[in-house]
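Laboratory data are not the source of any read-out in this text; all were calculated from the coordinates shown. Predicted model, so just to flag it, every value in this text is computed and none were measured. Cβ placement follows ideal geometry from the backbone for every residue including glycine, while neighbour counts extend to all protein chains displayed.
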Amino acid sequence: MNSSETFNLEKSLTRIRDIQSLLQEGNQPFDDSVGLFEEATQLINACRSYLLEAEVRLQKLSEK
């Protein structure tokens, strides 16, 4: 994702589920599977960071 794109949690989760389905089917060549796994890992990390940042923002709001 480049800096001009806005992170979209729902789209990322949908893509992770799509990748999961593709990997479970087992029809992908090995190198493609590795690439999909890497993409899913990056998306999972991005989702985790996004949710942690949201948690911090919500905690700050609840303290006010």
## Note on the structure
Calculating Rg and Dmax of the Cα atoms in Å from this structure picks out, from (1) 15.2, 53; (2) 11.1, 33; (3) 12.6, 40, entry (1)
### Task
Assuming R0 = 30 Å, can you tell me the calculated FRET efficiency for the pair Asp31 and Leu51, based on Cβ-Cβ distance, to the nearest 0.05?
0.45
